[in-house]
Amino acid sequence: MPVFQLIEGLPVFPAPEYAQLNGLLAIGGDLSEARLLEAYRQGIFPWYEEGQPLLWWSPNPRLVLYPEELRISRSLKKTLRKGVFEASINTAFEEVIQACAEVRVNSGEGTWITGEMQDAYLKLHQSGYAHSFESWHEGELVGGLYGVRIGGCFFGESMFSRRSDSSKCALVALAGYAEAGGIRMIDCQMHTGHLVRMGAREISRKAFLSQLRKHIRKPLHSSSPPPLSQPALAY
């Protein structure tokens, strides 16, 4: 399959079924709010490193987590019962996305969370689409995750951990909110053992796209964004 060249300023994509075997679909375009939202609606997401052109992906298979299938290990249950971390939603979005990038860079990994990406997702957050789930210990941000919600789908982008179990607790908070708030599917994008152990599983791109169309039927934009601004949650 060819890799499609996108035109900047025109937020359209080829069908995700045209992606290459590794999931790469298109190159170029921009990170405007309109393009990002259109990408997620079609099961496409941006992923590239500093110095690379903007790359768009739709992998097959796709890793997803259904909130009701979340698995919590005995050790994690113990951490939750002890109240080691305090959970919050949308209280530190910018800090979470920066930490997700910094943790990878400091560990010697490359990161796709470039300055351009951070700016784009901060704008999505300000528009009510991108959300963060945080874990705090003694007033310090020690773990969290962020992603994009459209209708009944949450598209997870990245997570970080500075203390054992802190990112897992943020995921537990997300799953709990999802079940209560009408999110039916959490898109984890690509396979990681960490998420599989917590209940995520792979499904075909065809199945993913079918479920995606079903779950995002709610209006794309609302003047009243999802109520995710509580200062704290009980795990």
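In the chain, the longest principal axis of the Cα atoms and the axis of helix 115-126 are about 70 degrees apart. Overall form of the range 79-154: oblate. Here a/c, set by the Cα gyration tensor axes a ≥ b ≥ c, is 1.5 or more, and a/b is not larger than b/c.
Taking a sphere under 9 Å around the Cβ of S132 and counting the other residues whose Cβ falls inside, with K and R at +1 and D and E at -1, yields a net charge of -3. Rounded to the nearest 20 debye, the dipole size of the range 91-169 about its Cα centre is 240 debye, using +1 on the Cβ of Lys and Arg and -1 on the Cβ of Asp and Glu.
Summing Cβ point charges (Lys, Arg +1; Asp, Glu -1) relative to the Cα centre of the range 58-205 gives a dipole of roughly 720 debye. Between the listed residues N60, G139, L24, the Cα displaced farthest toward the positive end of the dipole of the chain, a dipole computed from Cβ unit charges relative to the Cα centre, is found at N60. The phi torsions of the range 6-23, fed into the Karplus equation with coefficients 6.51, -1.76 and 1.60 and a -60° offset, translate into couplings of 8, 9, 5, x, 10, x, 10, 9, x, 4, x, 4, 7, 5, 5, 4, 7, x Hz, rounded to whole numbers, with Gly and Pro shown as x.
Entry note, the range 38-181: relative contact order of 24 percent, from Cα contacts under 8 Å with a spacing of 6+ residues.
Relative contact order for the range 1-82 using alpha-carbon pairs under 8 Å, separation at least 6, rounded to a whole percent?
27
Across q = 0.11, 0.16 Å⁻¹, the chain modelled as identical point scatterers on its alpha-carbon atoms has Debye log10 I(q)/I(0) values of -0.53, -1.19, in the order of the q list. Using the average count of surrounding beta-carbon atoms within 10 Å as a protection proxy, the listed peptides 192-199, 58-65, 181-188, 115-122 rank, highest first, as 58-65, 181-188, 115-122, 192-199.
Any idea what the dipole of the range 134-205 comes to, in debye rounded to 20, about its Cα centre with Lys/Arg Cβ at +1 and Asp/Glu Cβ at -1?
260
Close amide H partners of M185, meaning residues 5 or more places away or on another chain with modelled amide H under 5 Å apart, are F154.
Angle, helix 93-106 long axis vs. longest principal axis of the chain, Cα atoms, 0 to 90°, nearest 10? Approximately 80 degrees, to the nearest 10.
Here K168 is the anchor, and the lysines within straight C-alpha reach of less than 19 Å, apart from those fewer than 8 places off in the same chain, are K77, K78, K82. Each of L36, A175, G51 was placed along the dipole of the chain (beta-carbon charges, centred on the mean Cα), and the one lying farthest toward the positive end is A175. Computed from phi, the 3J(HN,Hα) profile of the range 62-76 under the Karplus parametrisation 6.51, -1.76, 1.60 (θ = phi - 60°) reads 10, 8, 10, 10, 8, x, 6, 9, 4, 10, 10, 5, 4, 5, 5 Hz, with x in place of Gly and Pro.
Taken together, the values in this text are just the output of simple stated rules run on the coordinates, not laboratory data. Treat the numbers as computed from the prediction; the structure is a model and nothing was measured. Positions of Cβ are backbone-derived with ideal geometry, glycine not excepted, and every protein chain shown enters the neighbour counts.
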